[in-house]
1. Checking the structure you have, find out if any residue of region 30-37 is modelled with pLDDT of 90 or more and either open to solvent by 70 Å² or more (accessible area, probe 1.4 Å) or of a type in the set (A, V, I, L, M, F, W, C) (or both).
2. Of all residues in region 5-21, which are more than 18 Å from Ala77 (Cα to Cα) and out of contact with any Asp or Glu (no Cβ under 8 Å at 6 or more places or on another chain)?
3. Name the single residue, out of those in region 1-29 being more than 12 Å from Val101 (Cβ to Cβ), in a loop (DSSP other than H, G, I, E, B) and not small (Gly, Ala, Ser), that is most open to solvent (accessible area, probe 1.4 Å).
4. What tally of residues in region 86-122 results from selecting those that are at pLDDT 55 or above and either touching a strand residue (DSSP E or B) at 6+ places or on another chain (Cβ under 9 Å) or outside any loop (DSSP other than H, G, I, E, B) (or both)?
5. For region 7-46, which residues satisfy the criterion of being among the small types (Gly, Ala, Ser) and touching a Ser or Thr at 6+ places or on another chain (Cβ under 6 Å)?
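The values are calculated or read from the model by the stated rules, or taken from the named source; none is laboratory data. Treat the numbers as computed from the prediction; the structure is a model and nothing was measured. Ideal geometry is used to build each Cβ from the backbone, glycine not excepted, and the neighbour counts take in all protein chains shown. Side chains are part of the model used for accessible areas, which takes the heavy atoms of the whole protein and leaves out ligands, DNA and RNA. Shrake-Rupley method; radii C 1.70, N 1.55, O 1.52, S 1.80 Å.
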Amino acid sequence: MNAAAPDVWAEISPAEASAQGLADGDLVRVTTPRGAVRARLRATAIRDGMVFLPFHYGYWDTPAGHRPPDDGPGRAANETTVTDWDPVSKQPLFKTGAARVTLVARRASGTGARTETAGSST
């Protein structure tokens, strides 16, 4: 799995990417009221208005080992979510939230962006 996707990415629809002036491979910041993550962008067949971050990335495989780097946002999607649950079902509410996607840096020219996801390749 690490060879296929060694680092976190963010997905938005091609229409959202175009509207925001973003392109595959751009480094973006996904920000919520709780925190932020930096990730490479992938424009995929996701619903307009949505952003997807995979949840399986963390810090155990980074130099700090247990926290985001000192220089800013990390790579763990849980940094952006609330620690709360549904009072009836006790289902964690850590998989949804309002977020903003902003450009950090354009991808280097001449480098392709990986666009494959678990279910598709573009």
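1. Yes: one or more hits.
2. Pro14, Ser18, Ala19, Gln20, Gly21
3. Met1
4. Number of matching residues: 14.
5. Scanning region 7-46 gives a single hit, Gly35.
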